[in-house]
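The values are calculated or read from the model by the stated rules, or taken from the named source; none is laboratory data. Note that the coordinates shown come from a computational prediction; the quantities given were computed from them, not determined experimentally. Note that we place each Cβ from the backbone using ideal geometry, even for glycine, and neighbour counts take in every protein chain shown. In case anyone asks, the SASA skips ligands and DNA or RNA and just uses the protein heavy atoms, side chains included. Shrake-Rupley method; radii C 1.70, N 1.55, O 1.52, S 1.80 Å.
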Amino acid sequence: MAGEKTTGLVLLDFWVSPFAQRCRIALAEKGLACESLEQELLGAKSDLLLGSNPVHKKVPVLLHDGRAVCESLVILEYIEDAFAAAAPRLLPADPHARAQARFWADYVDKRVYSCGTRLWKLKGEGRAAARVEMLETLRTLDAELGGRAFFGGEALGFVDVALIPLTSWFYSYEKHGGFSVEEECPGLAEWARRCGERESVAKVLTPPEEVHDFICLLKKHYGVE
């Protein structure tokens, strides 16, 4: 991107990972240049990934001048701190507002992806329970968003960046769960469209149909019918 700042940043990445996409969106919003190194996750993992994240052995990992930062929400906060002069700020200045943003990003982290995985991995009662939990989660987020343009107000912020990559997975969650985000949570659906119009988001998100194809690949990989 024109105007990007030289940073010494390298992201260990995977094309469809919503967690890695969080990092790429944040970096793009701030105009920070970053080299992306695509990783193999379903086969043998690279020595670089295993050495950089020996605990979880997964992406994303941000290397800053060779030093590793792991876990996507930790990386977002690191970017805020390490490049404090880079606008826009994703976390608000007010301590209470910052705490609220961290709370809701953590809520997204603990609920959406894991519940979505149960939707496509399980059948019967397990899938039915996951459907109930997913709808509860999405309705809770819809209520928290309220009538605001973004979760933090009028500007894209920390919670938006945490959640927006997962919206590419909604199509598959709907297919497996038998529901419509548009019908159940119209405010959240409109928010997703609004975020998707941003250049930083549009160039990063994986098309929902490609995510669905990837989930079908995962089902074969894990022997899920």
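Of all residues in region 79-98, those satisfying the criterion of being small (Gly, Ala, Ser), open to solvent by 50 Å² or more (accessible area, probe 1.4 Å) and either free of Cβ contacts under 8 Å to residues at least 40 places away in the same chain or over 26 Å from LEU32 (Cβ atoms) (or both) are ALA84, ALA85, ALA93. On the basis of being open to solvent by less than 60 Å² (accessible area, probe 1.4 Å), modelled with pLDDT of 95 or more and among the hydrophobic types (A, V, I, L, M, F, W, C), does LEU122 make the cut? Judged against the criteria, LEU122 is not a match. Could you list all residues from region 125-144 that are of a type in the set (Lys, Arg) and buried (at least 16 other Cβ atoms within 10 Å of the Cβ)? ARG127, ARG131, listed by residue number. Of the helices (runs of 4 or more DSSP H) lying entirely inside region 116-225, the ones with 1 or more residues being free of Cβ contacts under 8 Å to residues at least 60 places away in the same chain and closer than 24 Å to CYS23 by Cα are found at 124-145, 158-163, 170-177, 186-196, 199-202, 208-221. Scanning region 63-78 for residues that are in contact (Cβ under 8 Å) with a residue 24 or more places away in the chain and touching a helix residue (DSSP H, G or I) at 6+ places or on another chain (Cβ under 6 Å) returns SER72, LEU73, ILE75, LEU76.
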